[in-house]
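Quick notes on the structure that follows.
The values are calculated or read from the model by the stated rules, or taken from the named source; none is laboratory data. Only a predicted model underlies this, so the values are computations on that prediction, with no experimental measurement involved. Quick reminder, even Gly has a Cβ in these numbers, built from the backbone with ideal geometry, and neighbours come from all protein chains shown.
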Amino acid sequence: MNGRPEDFDAIETREWLEALDDVIATRGEERARFLMQRLQDHAYRRTVPLPSPTTPYVNTIPRHEQPPFPGDRALERRIKSLVRWNATAMVVRANRHEDGIGGHIATYASAATLYEVGFNHFFRGRGESGFAGDLVFFQGHASPGIYARAFLEGRLAARQLENFRRELAEGGGLSSYPHPWLMPGFWEFPTVSMGLGPITAIYQARFMKYLENRGLLAPSDRRVWAFLGDGECDEPETLGALTLAARERLDNLVFVVNCNLQRLDGPVRGNGKIIQELEAAFRGAGWNVIKVIWGDSWDPLLERDADGWLVRAMNETLDGEYQKYSVEGGAYIREHFFGKFPELAAMVADIPDEQMPYLKRGGHDPEKVYAAYKLAAETKGQPTVILAKTIKGYGMGHAGEGRNVTHQQKKLNEDDLRAFRDRFDIPVSDAELGEAPFYRPAEDSAEMRYLLERRSALGGFVPARRAFSGSLATPQGEFFAEFHSGVDREVSTTMAFVQILRQLLRHPEIGPRVVPIVPDEARTFGMESLFRQHGIYSSVGQLYEPVDSGTLLLYKEAKNGQILEEGITEAGSMCSFTAAGTSYANHGLPMIPFFIYYSMFGYQRIGDLVWAFGDQRGRGFLLGATAGRTTLNGEGLQHEDGHSHLLFSVVPNVVAYDPAYAYEIAVILEEGLRRMYRDHEDVFYYLTLYNENYRQPAMPEGAREGILRGLYRLRAAEGAEGRPRVQLLGSGSLLSEALRAQQILGERFGVAADVWSATSYQQLRRDALACERWNRLHPGAEPRVPWVTRQLGGAPGPVVAVSDFLKAVPDQIARFVPQGFTPLGTDGFGRSASRKELRRFFEVDAEHVALAALAELARRGEVAPPDVPARAIAELGLDPDRADPVRS
Ligand SMILES: Cc1ncc(C[n+]2csc(CCOP(=O)(O)OP(=O)(O)O)c2C)c(N)n1
Ligand SMILES: [Mg+2]
């Protein structure tokens, strides 16, 4: 195990070790460390492979360095037992109410001590301001324990516990997992999608330092605690940002990994050792690693282990074997663990079999856990991970302790409950036992007073979510006027957006609250000039002279830099967006993040983080730049985004726009700022931005409402009288193709076309569905008419819509357009080609728009079928036998 070679000369080994002991004793630890480092360097130069990145499989903190435990062990055990009981009863009762409703007992059962030590001694509440305290990320599946504690604290009623996982039951219930959307006064961080909690926690800790370094938040010793599972560590997000945490010296961050050696199906590393593997990963990334493997009953054995037999057995035993020990009796442990070496067997000869199982694991020993937390809290300049070894389903006995099926065990029979009650000494009588009743001691009992006193000393209950109620004076009217008047030069919507962002950054009140976030793409979007002016945030400032120091566009890093230039990590950037977008709730400090990225690498790549952002009521603007399947010249299949609008349409509180012009962007941003930062709406915005340059016209009179609702008439047909008529809808860059089609139709086919800007099919559809629902539920009342129907219903002729997205995007409104609807879009894989070629290939250019309009008119007999469409195909140079782009 651990690639450890055999010791074939024990005497020589002992001499080396004694020499080191001697140095420690006479010259101190510092000198010993120096010698070890020299030895290591020397070995490296002699090409001796470096020693393993792991330390022995024992606690990082030896007993003699353990601080005294400041709490009342007996009372804390009692409280913990009651929490265990209520958590279990809650899950068991829920499943009696409704079979299959689910819930988890085993996760919390393994983590109870890890949480209780935190609750009694470390987690700081929000304090009087309501916005201080620690940010604690709870493992999603441990929620029953967190609810059970809140019940003891008097924050949740028995009725709510009764309705665990039945939120729609009368009197309200409790959500399965941490969801701020569902329990906004309680949960702060959605963690249940594995991996999102840990990576978000890292960026929350980093953002706290950012706020402090920018002078927006007073420096404090507030901490971020993230509790996660050992199985969860297989998610790439969990370990993906570890180096950032170390690089940023996030000593305000503590990870606690509950290493119960199991995940859902079975062992996490049956053939290996998850704690050692994680130790290597975290240590290699630069974290302070604290292993809490063994409980105090092992200490005397370890202290007698002068020749290292015990540690060797610990090192060599696999997790699969450790799991087996947790379900087998003492005789088995004696034979298979202590029986590995005769010297080891001799050490435990006087321990009877029945005592063996009480050789506890470290994560179940409050003193060991306390020591680890204290050391973590005192560590400077580094984040800390605590790797705590536990048993999954601890206390569940035959019903599940340490078994592979334990994760999903949610039904305990009376015998199981009795064993549980007896083990944890719960005052529930035999007669009541079958009911699995909740139990809360009297208000003036010693345990209740202790529990409440501890929480009050630590600043209040955890978790508790608050939302800042003050408003930001967001800019309105005048501020945006300059963007309404059009631009004479040809510019892209990306450039227009950056111009608005620049002005927002200069705004006296909200400027400092703006947080531009970009994953290594600022030059692509023309944002590099912001570097010099606003600085790129760096916790250490700039320690080198930048290569471009003499230029205007210098790459300036600064300790108070405002821009979060995240490097190539959309997931990390999304986490920064999350930290900034929830700052109003976590710190009482509303921040305005603008996360601008390559739209293809947005939802498609990090959709689950976007979903979680919605859940936690985050606020801010996501900007999918270089949008469109055809507008992005040359980049091809993996870069050309033709579907993010479909993906974003699924998030209930996102407001998504596909604007074409600078003034549309200005109107949308003004409204977004108002809704989120003045009126506290829990929404966030997604806007697509394009890189095609064209003239930005002035805003037409009265367009504002339509821009926001998703559709307005941009240019009416001229000389429509007596001619066939069509309605053309265009979005984003492709609005210009609709305008060109208007011209083609008028000049070459005698057809009059009105052109509309469709800024948001998502908003149009939501409004239409809301009207439809209301009408269904109010049969006698005056029916409500959706905006889209009000706009297009009376407009003459068929409707053709074109966008740089899948046909399914405009198709969202088809049902609400009475006169028929033809969507054109970019279904299919992108191609490396020019804009013009791509638009022809995907059949979204003006010529195809014109053809679609004529085909629809011909079908209705308003132009001569089949002559007119056939003439269009021939005259406009369209190839009818070209392969369908969706299949080629
Ligand atoms: C992304 C994601 N995939 C799968 C799941 C389903 N799931 C829930 S808990 C679990 C096992 C968790 O194991 P571990 O992280 O070791 O936590 P433990 O319960 O053992 O403490 C799985 C697979 C999930 N919640 N999220
Ligand atoms: Mg686990």
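Summary table
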read-out: Residue in segment 233-244 that is surrounded by 20 or more Cβ atoms within 10 Å (Cβ to Cβ), within 16 Å of ligand 2 (Cβ to nearest atom) and in contact (Cβ under 8 Å) with a residue 40 or more places away in the chain present; value: yes
read-out: Qualifying positions in segment 292-308 - within 16 Å of ligand 2 (Cβ to nearest atom) and out of contact with any Phe, Trp or Tyr (no Cβ under 8 Å at 6 or more places or on another chain); value: V292
read-out: Total residues in segment 359-378, condition among the basic types (K, R) and either outside any helix (DSSP H, G or I) or over 15 Å from G118 (Cα atoms) (or both); value: 2
read-out: Any hit, segment 600-622, residues being in a strand (DSSP E or B) and surrounded by 24 or more Cβ atoms within 10 Å (Cβ to Cβ); value: yes
read-out: Cβ pairs under 6 Å, 6+ apart, first in segment 872-888 and over 22 Å from E747 (Cβ atoms), second among the β-branched types (V, I, T); value: P880/I873
read-out: Some residue of segment 553-570 being among the aliphatic types (A, V, I, L, M), touching a residue at least 12 places away in the same chain (Cβ under 8 Å) and crowded, with 22+ Cβ neighbours inside 10 Å; value: yes
read-out: Condition broken by V487, with the remaining ones in (1) over 29 Å from N633 (Cα atoms); (2) hydrophobic (A, V, I, L, M, F, W, C); (3) at pLDDT below 95 satisfied; value: (1)
read-out: Checklist (1) within 16 Å of ligand 2 (Cβ to nearest atom); (2) farther than 18 Å from A464 by Cβ applied to A226, failing item; value: (2)
read-out: Unique residue being without any contact (Cβ under 8 Å) to a residue 24 or more places away in the chain and within 30 Å of G719 (Cα to Cα) when the list is G750, G780, G794; value: G794
read-out: Per-region count, segment 245-267, residues in contact (Cβ under 8 Å) with a residue 40 or more places away in the chain and under 23 Å from the mean Cα position of the chain (by Cα); value: 16
read-out: Restricting segment 453-478 to residues that are part of a loop (DSSP other than H, G, I, E, B) and hydrophobic (A, V, I, L, M, F, W, C), the residue that is surrounded by the most Cβ atoms within 10 Å (Cβ to Cβ); value: V462
read-out: Near pairs, Cβ below 6 angstrom, 6+ apart or cross-chain, from segment 314-329 (farther than 14 Å from E401 by Cα) to any residue that is among the basic types (K, R); value: D319/R269; D319/K273
read-out: Residue match in segment 479-498 (condition: in contact (Cβ under 8 Å) with a residue 12 or more places away in the chain, in a helix (DSSP H, G or I) and over 22 Å from G732 (Cβ atoms)); value: yes
read-out: 3 or more residues more than 30 Å from G861 (Cβ to Cβ), out of contact with any helix residue (DSSP H, G or I) (no Cβ under 8 Å at 6 or more places or on another chain) and not β-branched (V, I, T): qualifying helices (runs of 4 or more DSSP H) within segment 707-816; value: 761-777
read-out: Pairs, first more than 20 Å from P427 (Cα to Cα) in segment 66-78, second surrounded by 17 or more Cβ atoms within 10 Å (Cβ to Cβ), C-beta under 6 Å, six or more apart; value: Q66/A371; P67/A371; P67/K374; F69/E367; F69/Y370; G71/N120
read-out: Looking only at segment 379-401, and only at residues there that are assigned to a loop (DSSP other than H, G, I, E, B) and buried (at least 24 other Cβ atoms within 10 Å of the Cβ), the one that is nearest to ligand 1 (Cβ to nearest atom); value: K392
read-out: Among residues of segment 850-888, those that are part of a helix (DSSP H, G or I) and out of contact with any Asp or Glu (no Cβ under 6 Å at 6 or more places or on another chain), counted; value: 21
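Listed here are the residues, each with its yes/no results for (1) at negative phi; (2) aromatic (F, W, Y); (3) more than 34 Å from the chain's Cα centre (by Cα).
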{"site": "V405", "(1), (2), (3)": "yes, no, no"}
{"site": "K410", "(1), (2), (3)": "yes, no, no"}
{"site": "D425", "(1), (2), (3)": "no, no, yes"}
{"site": "Y439", "(1), (2), (3)": "yes, yes, yes"}
{"site": "L458", "(1), (2), (3)": "yes, no, no"}
{"site": "V462", "(1), (2), (3)": "yes, no, no"}
{"site": "F468", "(1), (2), (3)": "yes, yes, no"}
{"site": "P475", "(1), (2), (3)": "yes, no, no"}
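Yes or no, residue by residue, for (1) over 18 Å from L501 (Cβ atoms); (2) outside any helix (DSSP H, G or I); (3) in contact with a strand residue (DSSP E or B) (Cβ under 6 Å, 6 or more places away or on another chain):
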| site | (1), (2), (3) |
| --- | --- |
| T524 | no, yes, no |
| L543 | yes, yes, no |
| L564 | no, yes, yes |
| A579 | yes, no, no |
| G624 | no, yes, yes |
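Each row is one residue, and each column tells you yes or no for (1) closer than 30 Å to L387 by Cα; (2) within 16 Å of ligand 1 (Cβ to nearest atom); (3) at pLDDT below 95.
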residue: R96; (1), (2), (3): no, no, yes
residue: H104; (1), (2), (3): yes, yes, yes
residue: V117; (1), (2), (3): yes, no, no
residue: S129; (1), (2), (3): no, no, yes
residue: L135; (1), (2), (3): yes, no, no
residue: F138; (1), (2), (3): yes, yes, no
residue: S143; (1), (2), (3): yes, yes, no
residue: R155; (1), (2), (3): no, no, no
residue: Q160; (1), (2), (3): no, no, no
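Residues checked against (1) among the β-branched types (V, I, T); (2) in a loop (DSSP other than H, G, I, E, B); (3) modelled with pLDDT under 95:
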site: T54; (1), (2), (3): yes, yes, yes
site: P70; (1), (2), (3): no, yes, no
site: I79; (1), (2), (3): yes, no, no
site: V92; (1), (2), (3): yes, no, yes
